[in-house]
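Report on the structure given below.
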Amino acid sequence: MFSNRLLAILLLLVAATSEGATTTTVAAPELATLQVKAASSNDTSGFDGVVEAVRQTVISAQVSGAVILLDAKVGDRVKAGQVLLRIDARAADQNVAASDAQVQAARASLDVAAKDFERQKELFQKAYISQAALERAESQFKATQAQVNSQLAQAGVARTQTGFNIVRAPYAGVISEVPTTLGDMAMPGRPLLTIYDPAALRVTASVPQTALAQMAPNQPVKAEIPGLPGTSGWITSSQVQVLPTVDAGTHTVQVRMELPAAVSGVTPGMFARLWLPTTGAGASRLSVPATAIVRRAEMTGLYVLDTNSRPLLRQVRLGRVSGDSVEVLAGLTPGERIALDPQAAARVH
């Protein structure tokens with residue numbers, strides 16, 4: 001009796017254990033993936049570039065002296081001829097004063113020599129002196145006259161150098177760099193200011209030779225400048241220059257696109273992307289869904305499946321956005337599989 005009851009209890013415990021194990025076993029959900037394929041591109045190809053100033057000037061000191069006035073800072077818009085900086089000109093002023101005094105002394109000597117030459121000519125006409133004495137007087141007069149001209153030239157040089165102590169804007173532009181401060185010692189050749197013309201900017205990109213051969217002729221070129229205020233970031237221009245030289249190390253050619261003068265908010269050094277029209281011969285593009293992109297701080301990546309079908313995070317470089325898809329410029333090859341749900345892929349170990 002007791003053994004039958006004990007056996008029934010054991011059977012109930014085994015049934016409860018097996019039932020609990022059955023209810024707690026859940027199949028892992030299958031990870032949604034996508035095989036990346038290269039699509040033909042018959043319109044444009046993008047290349048990373050940078051905004052440059054067509055006219056940019058580094059203003060350097062031409063004379064030595066302490067900086068006593070600095071009326072410019074980074075970002076200031078200046079007019080042509082506006083005073084930006086002054087260098088201590090007391091030494092230069094003293095040189096000008098000394099040169100003027102030497103000119104006056106030379107002119108006084110010239111007056112004496114001129115009068116003496118006139119007297120010698122009168123005496124020669126009366127046969128009181130010889131021809132040699134007259135020639136010596138004439139030579140002295142000409143030598144003194146040459147000395148006056150030399151002193152005048154030196155005085156002009158000293159007066160010109162006083163203008164070097166005042167630094168003016170060569171044209172209307174924007175101050176981009178001021179590597180000096182008030183009280184610094186300016187030396188000949190030392191940079192003082194950097195100015196650029198905001199109305200003359202361009203986008204420069206290095207394009208591979210193979211891609212340049214596919215460029216469609218007589219087609220407008222677009223420049224994409226992310227974060228450009230007031231516009232969508234796209235600028236179209238027909239003024240494109242292809243440099244005739246090829247970089248021997250990278251086998252790339254520089255392509256420059258002039259930006260319109262009316263574009264505002266663009267400064268040299270900004271990131272830009274140049275989109276060149278192509279003929280489509282051999283051109284291809286990789287695109288992935290925008291929801292598959294992972295952004296962590298400064299890293300942009302995708303979960304790519306390895307040979308064991310495990311998702312691994314890989315950094316990629318993205319291109320333009322087209323609807324729900326994003327172009328991948330680097331970091332991914334055709335035929336690889338990516339995870340469509342980054343959160344689910346991150347939980348896979």
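The values are calculated or read from the model by the stated rules, or taken from the named source; none is laboratory data. Owing to the predicted nature of the structure, the values given are computational and were not obtained by experimental measurement. Using ideal geometry, Cβ is built from the backbone for each residue, glycine included, and neighbour counts are taken over all protein chains shown.
Worth a mention:
- Hey, Arg77 within 25 Å of the chain's Cα centre (by Cα), of a type in the set (D, E, K, R), more than 26 Å from Gly189 (Cβ to Cβ) and surrounded by fewer than 18 Cβ atoms within 10 Å (Cβ to Cβ) or not: yes
- Some residue of the stretch 45-53 being within 30 Å of Leu212 (Cβ to Cβ), at pLDDT below 85 and either hydroxyl-bearing (Ser, Thr, Tyr) or exposed (fewer than 15 other Cβ atoms within 10 Å of the Cβ) (or both): yes
- Any hit, the stretch 153-165, residues being touching a helix residue (DSSP H, G or I) at 6+ places or on another chain (Cβ under 7 Å) and charged (D, E, K, R): yes
- Failed item in (1) touching a residue at least 24 places away in the same chain (Cβ under 8 Å); (2) more than 15 Å from Gly163 (Cβ to Cβ), with Glu118 passing the rest: (1)
- Top-ranked residue in the stretch 302-340 [being touching a Ser or Thr at 6+ places or on another chain (Cβ under 8 Å) and not in a strand (DSSP E or B); ranked as surrounded by the most Cβ atoms within 10 Å (Cβ to Cβ)]: Val316
- Of all residues making up the stretch 84-134, the number that are part of a helix (DSSP H, G or I), more than 60 Å from the chain's Cα centre (by Cα) and not charged (D, E, K, R): 12
- Qualifying residue in the stretch 67-82 (condition: farther than 16 Å from Pro179 by Cα and part of a strand (DSSP E or B)): yes
- Condition met for Thr267 (under 15 Å from the mean Cα position of the chain (by Cα) and either closer than 15 Å to Tyr196 by Cα or assigned to a strand (DSSP E or B) (or both)): yes
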